[in-house]
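Trainee: Before anything else, here's the structure in question.
The values are calculated or read from the model by the stated rules, or taken from the named source; none is laboratory data. Here the structure is a predicted model, which means the values were calculated and not measured. Here Cβ is always computed from backbone atoms with ideal geometry, including for glycine, and neighbour counts include all displayed protein chains. The protein model used for the area step is the full one, side chains on, heavy atoms only, and it has no ligands, DNA or RNA in it. Shrake-Rupley method; radii C 1.70, N 1.55, O 1.52, S 1.80 Å.
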Amino acid sequence: MRNNIPTAALSEFVNEVADAPEEGLMSYGLELDWESGTRSRAQTKPMLIGPHRVSRSFTWKADEPRQLMGNNHGPNPQELLLSGLGSCMMVAFVAGATAEAIQLESVKIDFDGTLDLRGFMGLGTNSTVGFPEINYTIHVTGDATAEQFEDLHRKSVAHSPNAQTIVNPVALTGEIICTQIEG
């Protein structure tokens with residue numbers, strides 16, 4: 001056990017996926033329901049890890065602060081995006097440290113990003129709609145050298161699915177199913 005991750009299980013899972021790549025395919029999903037105003041409720045769907053179905057029944061709310069027409073009942077979508085990015089990078093960092101026999105005492109990732117809402121509002125400027133840049137700082141204490149931590153940082157970004165989804169273009173496909181209100 002290192003960093004509260006069972007090292008034998010980590011090694012066994014890596015070997016299992018190396019021997020049977022289908023064991024490493026993971027499928028996720030969630031449903032969002034509009035509640036009111038800018039507030040929505042998200043709920044996870046079961047996920048698949050290889051052929052194994054894993055029950056996931058987590059819910060949370062997203063909302064905007066009052067200054068953005070919301071009621072401040074939860075983190076906003078951008079905070080959730082940064083949280084998902086940071087959490088995924090954290091998993092990659094800690095799992096990588098564990099695989100490299102690095103004992104961690106503490107890890108904190110501090111994220112910042114700035115949006116220009118003129119793009120979202122369609123005000124005809126050259127403003128981008130998304131974050132043009134996301135900045136972060138990793139604060140880490142452990143038994144590795146600065147060079148080992150820098151290498152671990154590079155690997156955690158390279159191996160984080162969420163970081164790579166943001167860094168590399170991804171297809172976003174969707175459809176709409178409409179039901180008209182009668183009356």
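Trainee: If you roll a 1.4 Å probe over the stretch 1-100 with all protein chains in place, what percent of the accessible area is carbon or sulfur?
Mentor: Carbon with sulfur: 56 percent of the solvent-accessible area.
Trainee: Give me the dipole magnitude in Debye, nearest 20, for the stretch 76-167 about the Cα centre, with unit charges on the beta carbon: positive for Lys and Arg, negative for Asp and Glu.
Mentor: Here the size comes out at about 340 debye.
Trainee: Just the projected area, averaged over all directions, of the convex hull on the alpha carbon atoms of the chain: how many nm²?
Mentor: Value for the chain: 15.0 nm².
Trainee: Please calculate how many Å² of accessible area the stretch 4-52 carries per residue, with a 1.4 Å probe and no DNA, RNA or ligand atoms counted.
Mentor: Numbers: 3490 Å² over 49 residues.
Value for the stretch 4-52: 71 Å² per residue.
Trainee: Across 10 Å bins from the origin, how do the percents of Cα pairs in the stretch 76-167 run, short distances first?
Mentor: 15, 43, 25, 12, 5, 0
Trainee: Per the Kirkwood definition applied to all pairs of different Cα atoms, how many angstroms is the hydrodynamic radius of the stretch 1-74?
Mentor: 15.2 Å
Trainee: His73: accessible area at probe 1.4 Å, nearest 10 Å²?
Mentor: Its heavy atoms expose roughly 100 Å² to the probe.
Trainee: Let me ask something additional. For Lys155, list the lysines whose Cα falls under 26 Å from its own Cα; do not include residues on the same chain fewer than 8 positions away.
Mentor: Excluding near neighbours in sequence, the set is Lys108.
Trainee: In square angstrom, rounded to the nearest 10, how much accessible surface does Leu85 have for a 1.4 Å probe?
Mentor: Taking all protein chains as shown, Leu85 has close to 10 Å².
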